[in-house]
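One structure is given here, and the rest of the page talks about it.
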Amino acid sequence: MAQKTIHSMSECITNCADCHRVSLETITHCLTTGGKHVEATHLQLLMDCAAICQTCDDFMTRGSARHAQVCEVCASICTACAASCDTFGDDPIMKACAEACRKCAVSCGEMGKTAATAKA
């Protein structure tokens, strides 16, 4: 079980780092594109997503005992960000962001459950 947790954490760290990077790139894309891409609630969600992914990565990398709690919040924000990005139709940058967010949400959700189960 410990080996799976280590592999899962490593994968989750990678997914958080990727989502952080993609979210920042998407913010730039949105600012450049304008229109509905720069709607305040959408941009705020992208910024929240980038920030929580970086924080989650940091908590896991340094072995914080609180990483499961941060992972749960990260999964929730990434899920919301993916849904927001999905509203932009065929825009390939927005699709890539939604995909990165979903991938991160899944791994953070699993990490949160794994850590909660280990406590029980």
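Of note:
- When ILE6, ILE77 are checked against the criterion of being at pLDDT below 95 and either touching a Pro at 6+ places or on another chain (Cβ under 7 Å) or not polar (S, T, N, Q) (or both), a single residue qualifies: ILE6.
- Listed by first and then second residue, the pairs linking a residue in segment 105-119 that is more than 18 Å from THR14 (Cβ to Cβ) to a residue that is modelled with pLDDT under 85 and part of a helix (DSSP H, G or I), with Cβ atoms under 8 Å apart and 6 or more places separating them unless they lie on different chains, are ALA118/THR5.
- Selected residue (criterion: nearest to the chain's Cα centre (by Cα)) from residues of segment 55-97 that are among the acidic types (Asp, Glu) and not in a helix (DSSP H, G or I): ASP91
- ALA51 at pLDDT 95 or above, assigned to a helix (DSSP H, G or I) and either crowded, with 18+ Cβ neighbours inside 10 Å or over 14 Å from the mean Cα position of the chain (by Cα) (or both): no
The values are calculated or read from the model by the stated rules, or taken from the named source; none is laboratory data. Model, not experiment: these values are computed from the prediction. All Cβ positions, even for glycine, are placed from backbone atoms using ideal geometry, and neighbour counts span all protein chains on display.
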